[in-house]
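K.L.:
Submitted below is the structure of interest, expressed as structure tokens.
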Amino acid sequence: MIQYSGDRNQFDSETSDADTNYTDVKVSVTNESGINDEDFNVDFADALVTGLATDAKSIPCRFLYDKRGSELFEHITDLHEYYPTRTETSILRGFSAEFARAAGAEVALVEFGSGSSTKTELLLDSLGSKAKVYVAVEISQAALDAALNRIQDRFPELSTVGICDDFNRGITLPANIKQHSLVGFFPGSTIGNLERTESIQLLIAMRETLGDQATLIVGTDLVKSPDLLIPAYDDARGVTAEFTRNILLHANYAVGTDFCVDAFQHQVIWNESQQRIEIYLISLHEQSVNFLGRTIKLHRRERIHIENSHKYTIEGFRALAKHAGWKTKDIWTDQHEWFAVHELAAN
Ligand code: AVI
């Protein structure tokens, strides 16, 4: 954790009730970053202190998703070059009727990292009256509220539960949903943004959360030619570049860094041996970044690693799921075999 040299509650300790009328005074407490305490993100600050201190600089990709980042990601999913969303959606359209026929009579659907919950509607549509409860686990409160309002309007009979948390942390489900058949839903190839060992840990945690009788539906992007992969992460209109660079604006806002965003270029690499897309921000010239009393120097062409997006073969992902204690059941894929939807069973 970060050690703060300043006293973050200095204002409180130096001011007494006797000399201040609090009802008339609007107090804005700032810390050493110059940012209001309520906006300051300690977790992000911690990650920047660690990630920028070494030669191999990095910022964790979870910080891509502030309000602007989430909006930009929604744009990415509509881009022609970004095939995963529309491909997975078409697979789910074909698969959901078959899945619903085989599902139990009373289903509780638990979605991890639900975002806008768009794909969920396909499953809920097919499940019809079998769907009793929808639990959405999402780190962004705004995204969670908007999605649950929309789902509730479309499916008025369904009980909805929102859990605003990071699904990587281990989620506790409401006790009363255990009476239903539990179906976990983890679409979008979000699992690809984790390292392989982290993916195994997450799949183990999901099995613990969902219980012995659960089913888990996971979407994974498949290994394919870099001719398709690179443009998917480096589109002609530059939306993905803006999405990546927005992480620096997020840092400026939430931690008080002074990143000059225009001095960084988005770079995408296909790492063949690791079977993953790697995204970096490259410093266009020698520069320094200041925050929390530190100065970080960057050479010309020095890069900051922002994100990995692992691609799996069908067999590779099934082996990983088995390693995490899941039984592998059906797999659905598209005609080009660009994307796969896996059905896993806890028992
Ligand atoms: C959220 N995640 C699955 C996306 C991906 O494809 O790895 C994030 C992304 N980054 C750039 N474009 C999309």
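K.L.:
Name the one entry in 296, 314, 306 that is within 16 Å of the ligand (Cβ to nearest atom), at pLDDT 95 or above and of a type in the set (A, V, I, L, M, F, W, C). Explain how you work it out, then say what you get.
P.N.:
On the way: 296 fails: within 16 Å of the ligand (Cβ to nearest atom); 314 fails: within 16 Å of the ligand (Cβ to nearest atom).
From the options 296, 314, 306, the qualifying one is 306.
K.L.:
Here is a further query. Of all residues being at pLDDT below 95 and touching a Leu at 6+ places or on another chain (Cβ under 7 Å) in the range 10-65, which is surrounded by the most Cβ atoms within 10 Å (Cβ to Cβ)? Just the residue, please.
P.N.:
The selected residue is 33.
K.L.:
Right, here's the next one. Please go through the range 202-241 and give me each residue that is part of a loop (DSSP other than H, G, I, E, B) and basic (Lys, Arg), ordered by number.
P.N.:
Within the range 202-241, 224, 237 meet the criteria.
K.L.:
Okay, next question. Hey, among the residues in the range 212-244 that are within 14 Å of the ligand (Cβ to nearest atom) and polar (S, T, N, Q), which one's surrounded by the fewest Cβ atoms within 10 Å (Cβ to Cβ)?
P.N.:
240
K.L.:
Still on this structure: How many of the residues in the range 90-117 are touching a helix residue (DSSP H, G or I) at 6+ places or on another chain (Cβ under 8 Å), surrounded by fewer than 21 Cβ atoms within 10 Å (Cβ to Cβ) and polar (S, T, N, Q)?
P.N.:
Of the residues in the range 90-117, 1 are touching a helix residue (DSSP H, G or I) at 6+ places or on another chain (Cβ under 8 Å), surrounded by fewer than 21 Cβ atoms within 10 Å (Cβ to Cβ) and polar (S, T, N, Q).
K.L.:
What pairs come out if I take residues in the range 184-200 that are part of a loop (DSSP other than H, G, I, E, B) and at pLDDT 95 or above and pair them with residues that are of a type in the set (Lys, Arg) and near the ligand (Cβ under 6 Å from one of its atoms) whose C-beta lies under 6 Å away, six or more apart or interchain?
P.N.:
As it stands, the answer is none, since no pair meets every condition given.
So that you can scan it fast, the table gives a plain yes or no per residue for (1) of a type outside the set (Lys, Arg); (2) free of Cβ contacts under 8 Å to residues at least 40 places away in the same chain; (3) in contact with a strand residue (DSSP E or B) (Cβ under 7 Å, 6 or more places away or on another chain):
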| residue | (1), (2), (3) |
| --- | --- |
| 226 | yes, no, yes |
| 232 | yes, no, no |
| 241 | yes, yes, yes |
| 245 | no, yes, yes |
| 279 | yes, no, yes |
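K.L.:
Separate question: In this structure, does residue 167 turn out to be in contact with a strand residue (DSSP E or B) (Cβ under 8 Å, 6 or more places away or on another chain) and closer than 25 Å to residue 120 by Cβ?
P.N.:
It is true that residue 167 is in contact with a strand residue (DSSP E or B) (Cβ under 8 Å, 6 or more places away or on another chain) and closer than 25 Å to residue 120 by Cβ.
K.L.:
When you look at residue 209, is it crowded, with 17+ Cβ neighbours inside 10 Å, within 19 Å of the chain's Cα centre (by Cα) and either of a type in the set (A, V, I, L, M) or over 24 Å from residue 66 (Cβ atoms) (or both), yes or no? Outline the logic, then answer.
P.N.:
On the way: crowded, with 17+ Cβ neighbours inside 10 Å: yes; within 19 Å of the chain's Cα centre (by Cα): yes; either of a type in the set (A, V, I, L, M) or over 24 Å from residue 66 (Cβ atoms) (or both): yes.
Here the answer is yes, as residue 209 does meet what is asked.
K.L.:
Also, quick follow-up: Can you name every residue in the range 165-183 that is of a type in the set (A, V, I, L, M) and either under 24 Å from residue 332 (Cα atoms) or modelled with pLDDT of 95 or more (or both)?
P.N.:
Across the range 165-183, the qualifying residues are 182, 183.
K.L.:
Just need a number here: residues in the range 301-336 that are aliphatic (A, V, I, L, M) and within 21 Å of the chain's Cα centre (by Cα).
P.N.:
Here the count works out to 5.
K.L.:
When residue 126 is evaluated against the numbered criteria (1) buried (at least 18 other Cβ atoms within 10 Å of the Cβ); (2) out of contact with any Leu (no Cβ under 7 Å at 6 or more places or on another chain); (3) within 20 Å of residue 210 (Cα to Cα), which criterion, by number, is the only one it fails?
P.N.:
Condition (3) is where residue 126 drops out.
K.L.:
Please enumerate the residues belonging to the range 310-347 that are assigned to a loop (DSSP other than H, G, I, E, B) and within 24 Å of residue 208 (Cα to Cα). Working first, answer last.
P.N.:
Initially, the range 310-347 is screened for residues assigned to a loop (DSSP other than H, G, I, E, B), giving 311, 313, 324-326, 334-338, 346-347.
Selection gives 324, 325, 326, 346, 347.
The values are calculated or read from the model by the stated rules, or taken from the named source; none is laboratory data. Note that the structure is a prediction, hence the values are computed from the model and not measured. Glycine also receives a Cβ, built like all others from the backbone with ideal geometry; neighbour counts cover every protein chain displayed.
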